[in-house]
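Worksheet for the structure shown next.
Where a number appears in this text, it was derived from the coordinates with a stated rule and is not lab data. All values derive from a computational prediction rather than experimental measurement. Every residue, glycine as well, gets a Cβ built from its backbone with ideal geometry; the counts of neighbours run over all protein chains shown.
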Amino acid sequence: MSDGAWRRGAARAWLRTAFDDGEIEEILTDVDELAGDRPGLRGLAVRAAMIARYPLLELRDRIHGNMTSGGARMMQMGEDMRLVARRLFRRPGFPLTSMAILALGLGAIIAVHSVVKGVLLDPLPMGEPDRLVALTMIDADGQRHRMTPGNVRDVAALNDVFSHVAAFGRSEVAFHTRDGGPPTVLRGGAVTPGYLATLGLEPVLGRAFVEADADPNTEPVVILSHHVWEQYFGSDPDVIGRSIDLGDNAWRVVGVAPPSLYPTSATVGGELPFSEADQDFFRPLRYGGDYWSLRRPHLLGGLARLAPGMTPQSATAALETLSTRLQAEYSENRNEQIVFTPLTEVVVGDVRPALLVLLLSVFLVFAIAAVNVGSLFLIREEDRQSERTVARTLGATPLRLLSQRILEASLICGSALVLGSVLSAGFIDVMQALVPYRIPRLADVTVDAQALGLGGLLSLVLAFVFGGASRALGSARGTALARARVTRPSSGRLQSLLIASQSALAVVVLVSALLLTRSFQALQATDPGVRATASWTLGLHGAGYDTDLILERVRALPGVRSAAVAYNHPFERTWQDGFVLVDRPMPNGDSTSVASIRPYGDGYFDAAGIPLREGRLPDLLDHEGEVRMAVVNEAFRRRFLPEGTDRSLQIRIPSADRRLGEGNSLYRVVGVVGDVRFLGPETDPDPAIYVPLRHFSVAGYQLLIRPASPGSVQLQAVRQAVHEALPDVAVDEAGTLAELHSQALARPRFNMMLIATLSATALLLCTLGSYGIVARTMSTRRREIGIRAALGAAGAVITRGVAVRALRPMALGVVLGAGASLATSRVLQSLLFGLSPVDPISLIGGPLLLLLVSGAGALVPALRALSVDPAETLRIE
């Protein structure tokens, strides 16, 4: 195409917004005469300026005319409204289909945007949350750990860096309700006195903790959470000063905490769960003696508030200096660094990737839906060529026809927005009900005004795009063209472009879904490490109770194969502690290292189904002897005992002397058991030391019950047996090991199902699009097909030609989408397990799936070419 032809084509496209074809030719002739033969850029600039003025002058004249005849204009708008409404009601299929597609897309965008804003973007309900940080420790391998008491004390001494520092740990107690029934379990935190001040919060009733409350020799005091105060005490303000029974002690209530997010425990890896179920109460962290000088047991979560004027960069440098000094002074700190993370990042960090991927996927599906609706508008505009010609003949101006198209699109998009806003509330409710894992603040999310504004903006843009584009592309080219009902090449090219675009977007979503599906399959295939997946686990909470009495009652129940108690169930994390190998060097050259300490009771390995790999398990005679026995897992042997174990191997756990008294730290390793993924199915097993409860007493137990056969144990009978044995012991919720393992897979499973649902929606929309374009092609080329058939063309050739022409743009979109997936799939890196983001099966399978399904959808109308009657076509001709 020559430059002159290109310029005249662009000029016609601009002038068509306000003039018909005859007027356009007159304007171009006038411009040529006025511009003369000015050469080069000067002539081009003169012509462009003159052409640009014409629509603007026309618009000015019309606005001036409208201002002088406002009543007439209002009457005209009313007529247009009635005309558009009649058209839509006369053929409701098009508007209803368009509204339904757009409403689903808009509703999903409003809902997901509300969730993302409420969870990720809104500030935390605390004082100056941007200055709050979480304290953790990192070892030489890059693994995070909880804080040690001694290191918390050292950080608290940096008064010029942190204005407040607090430590906390998990606390569970049995609470006797007023109805006299079995006790219930309350979960909260044992916190240092400055805990609430660090969070920037004050009690709604009473007072916060003071330093004297942390003294073990003073009266026990407690601060109730707001929801416990409401649920169990009826929001009674006189609860302050009252004594309540928690466990085996009477605790005096000194305050009620405000509603907020409270970290009350830290996992082994330093993460801070923000579950409302763990925020029932707060008690002082009451330890005396040399507890705050301990530097090996990683037991505590840490919080700090940056001092006024202190920047994160300066605070980081101060902690690096402190860590360097501690590494030089204490061997326990040799390979550890104290670091901090903004609390906002801790709260939302693990859910941010999934929510952002969800938001991106929803926008992609919405774009596919918008493309589909755009195709419907284009097809509708082609079907109205005769109607448009009649309107122009009767004096309708291009501007009025444009306003009618935009008004029609606005009614459809506006109705879709209203319906989508209603649907968004339902989508949020469904997400809150079905999300099987904890997302902080998700329960408080409602439809957000900002999200509604985004939906309104998208609707407005689509209304102008659908209305304006259909008017521009559907301009009449004469009554002969209208009578012939021939599809214009430009509209055909646009339809092909739309099909290619939605195919490319659909491929991106499909590849993402396949990646997450294959990742979940790999995660599901990992060995959890336990064989007795039908075993039940129940939490026992109380103080000073006899576990032997409980086990005697439970083991006597019918259908019970074995029962045992342990500090935690097999899939639960526990604390890490330091140890040394006696008379044997550590592989890394250090004097000490760390491993997870897992206290267990008699029969635990059988009840949990953890296999013995080497040696033996301690028996009752071992428990009665003076030498303490321990068992390690395979991960411990691989890391610390590369040359294997022997009967003389001994390990020392120094903190046991401090916990249990001198002479309790030496253990002989007599066996090696299989690895259990207690850090999560996606994490390699961590080294663990299993120590008998008889030689390592702790507070709080898990009861494990292995049935003789699935379903042979009645939980109600177990609860009754525990209550009869010890009425003051609270029994926590129950679950099988299979259910607990499934819960650990809940997050990747839900992510996979959500993206899979969106990809199925995208696939359906693309299939409908391919079906529609082929059906439209069949409709517009029916006479051509009939004539070709009459001239002897084979039906298969005709069908193939129709299908290939329709599938060509889809194939182009698939190729483009596959290329885009190579880039976008890397966004999923943090959500994948055992799978590369450029997994070839996913990158090839997504495009192939789209081609197969959409191709099948296109084949149905293409086969109708075989039913065209040549005789009927010739008769019409």
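Annotations for the structure displayed:
- Cα centroid of segment 244-259 to Cα centroid of segment 513-588, whole Å: 31 Å
- FRET efficiency for D130 and F464, using Cβ-Cβ distance with R0 set to 25 Å, rounded to 0.05: 0.05
- Available extension along the chain between A212 and R555 is 118.9 nm, counting 0.36 nm per residue and deducting the alpha carbon span.
- Based on C-alpha pairs under 8 angstrom that are at least 6 apart in sequence, segment 543-727 has a relative contact order of 35 percent.
- Remark: M629, M586, M810 ranked as M586, M629, M810, counting other beta-carbon atoms within 10 Å and listing the fewest first.
- Peptides 521-534, 746-759 ranked from most to least packed by the mean count of surrounding Cβ atoms within 10 Å: 746-759, 521-534.
- Exposure proxy order (Cβ contacts within 10 Å, fewest to most) of D154, D122, D728: D122, D728, D154
- Label sites at L96 and L457, each approximated as a point 7 angstrom past Cα along Cα to Cβ, lie 3.4 nm apart.
- Taking amide H as placed 1.01 Å from N in the peptide plane, the amide H of L205 sits under 5 Å from that of V256, each at least 5 places away or on another chain.
- Derived scalar couplings ³J(HN,Hα) [segment 839-851; Karplus, 6.51 cos²θ - 1.76 cosθ + 1.60; whole Hz; x for Gly, Pro]: 4, x, 4, 5, 5, 8, x, x, x, 4, 4, 5, 5
- Spin-label pair Q327/R652, simplified geometry with 7 Å Cα→Cβ offset, distance in nm: 2.5 nm
- Relative packing of peptides 363-375, 455-467 - highest average C-beta neighbours within 10 Å first: 363-375, 455-467
- Rounded to 0.05, the FRET efficiency of the S709 and M586 pair, given R0 = 56 Å and the Cβ-Cβ distance, is 0.75.
- Positive dipole terminus of segment 140-335, leading residue within M310, S171, S225 (C-beta point charges): M310
- At R0 = 30 Å, FRET efficiency that the Cβ-Cβ distance of A157 and N335 yields, to 0.05: 0.85
- Under 5 Å, built H, 5+ apart or other chain: amide partners of R170: A190, A266
- Environment charge at D444 (Cβ cut-off 11 Å; Lys +1, Arg +1, Asp -1, Glu -1): -1
- Taking label positions 7 Å along the Cα-Cβ direction at both L497 and T683, the computed distance is 5.2 nm, reported to one decimal.
- 5 angstrom amide H check on R561, placed H, neighbours 5+ away: R706, A708
- Here the Karplus relation 6.51 cos²θ - 1.76 cosθ + 1.60, evaluated at θ = phi - 60°, turns the backbone of segment 598-612 into coupling constants of 10, x, 9, x, 4, x, 5, 5, 6, 5, 8, x, 9, x, 7 Hz, with x for every Gly and Pro.
- Exposure proxy order (Cβ contacts within 10 Å, fewest to most) of D448, D350: D350, D448
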